[in-house]
Amino acid sequence: PIGIIGTIVLLLASNLSIGANVDLVISLGDKTIQLPSLFTFGLLNTARDMLKARIYPLFLLVVVFSGIWPYVKLVLMFVAWVVPKASLSPDFRGRMLMALDSLGKFSLVDTYVLVLMLVAFRYHLDVTNEVEVDVYVSPGFGFYGFLLATSLSLIAGHLLVFFHRRSEIHLVNLKTIMPLEPLCEHLFNVEGGLSRKLSGLCQRLLLGTSFATIILLGVGVARKSFQFEFDGLAGLALGDKKIAEYSLLSLGSSIPMSVQEPLSIGIRCLQLAFYFYAVVTPFVCLTLLTIL
């Protein structure tokens, strides 16, 4: 419970802090001029700006998944931990924890959006041989704190599911109840009191689907699937470079090149978290499902 309360406090602090700054830097030969931030990103001002602009779908997306849902999930997890069985049945508690664990991944939407903005707002223009203009998005505590709080919330969700299941089996040695077997050899109970195993055709279809999904996922993360385009005077100044195309992999590799301090610990952790959640986790999940 202390960890859940601490995560709520961290989440609240991150939502009330600046998520990122858009900075303008002008280079005059060996001299660099750092101008005040053009504008800042944060949960409150982002939601307010979207509401004023009447972008209601994005407003609801940001408010629900970044401002409401993370707190609802953590409060319900706290309730599941402290409320006794007499008031919260084990069956309902288990279904609630599984639902929270599954839906908790949607809190990462805000992280993906900020990574997209971090790369999209990167702007470099060579005015002359001596004059350069750069625009950077610098992540702040609000962004790092939200990412850390979301990760802690996901870990807490997995731990609560584990402890719930452990409490229900009462530490019984399952090896003495049922033999260890792959899922494809398991006998499923069907109507009429019969037990049946998956047919060979069904097993081959499932295996083929798993391999096809892994291949499509690999193509999807490597293939360029979206682009950013600068319009107006900024686009005219860039010329042919006003359009930048990205894949999921190239988007992650562009994170250090889109900030002023590419070797900072925060940026490296952000890049690692992006690759872990967006690339590694889907492949690991599909691979483990195929093995099982």
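The values are calculated or read from the model by the stated rules, or taken from the named source; none is laboratory data. These numbers were taken from a predicted model, which means no experiment stands behind them. Neighbour counts are summed over all protein chains in view; Cβ atoms, including those assigned to glycine, are modelled from backbone coordinates with ideal geometry. With ligands, DNA and RNA removed, areas are computed over all heavy atoms of the protein, side chains included. Shrake-Rupley method; radii C 1.70, N 1.55, O 1.52, S 1.80 Å.
General remarks:
- Criterion violated by VAL72 - all others in (1) at pLDDT below 80; (2) surrounded by 12 or more Cβ atoms within 10 Å (Cβ to Cβ) satisfied: (1)
- Residue list for the range 115-133, filter: outside any strand (DSSP E or B), in contact (Cβ under 8 Å) with a residue 60 or more places away in the chain and over 20 Å from GLU245 (Cβ atoms): GLU130
- The one condition in (1) at pLDDT below 80; (2) within 26 Å of the chain's Cα centre (by Cα) that PRO182 fails to fulfil: (2)
- Subset tally (residues that are polar (S, T, N, Q) and more than 21 Å from the chain's Cα centre (by Cα)) for the range 209-230: 2
Conditions (1) farther than 18 Å from VAL72 by Cβ; (2) not charged (D, E, K, R), marked per residue:
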| position | (1), (2) |
| --- | --- |
| THR128 | yes, yes |
| GLU132 | yes, no |
| TYR136 | yes, yes |
| GLY145 | yes, yes |
| ALA156 | no, yes |
| LEU159 | yes, yes |
| HIS164 | yes, yes |
| GLU168 | yes, no |
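- Scanning the range 75-104 for residues that are open to solvent by 60 Å² or more (accessible area, probe 1.4 Å) and of a type in the set (Val, Ile, Thr) returns VAL75, VAL82.
- Looking across the range 244-292 at every residue that is β-branched (Val, Ile, Thr) and in contact (Cβ under 8 Å) with a residue 24 or more places away in the chain, the one that is farthest from GLN34 (Cα to Cα) is identified as THR290.
- Residues of the range 30-49 that are open to solvent by less than 40 Å² (accessible area, probe 1.4 Å) and either touching a residue at least 12 places away in the same chain (Cβ under 8 Å) or touching a Cys at 6+ places or on another chain (Cβ under 7 Å) (or both): PHE41, GLY42, LEU43, THR46, ALA47.
- Positions within the range 231-243 being touching a strand residue (DSSP E or B) at 6+ places or on another chain (Cβ under 9 Å) and free of Cβ contacts under 8 Å to residues at least 60 places away in the same chain, in sequence order: GLY235, LYS241, LYS242, ILE243
- Number of positions in the range 134-147 that are assigned to a helix (DSSP H, G or I) and either surrounded by fewer than 17 Cβ atoms within 10 Å (Cβ to Cβ) or over 16 Å from the mean Cα position of the chain (by Cα) (or both): 1
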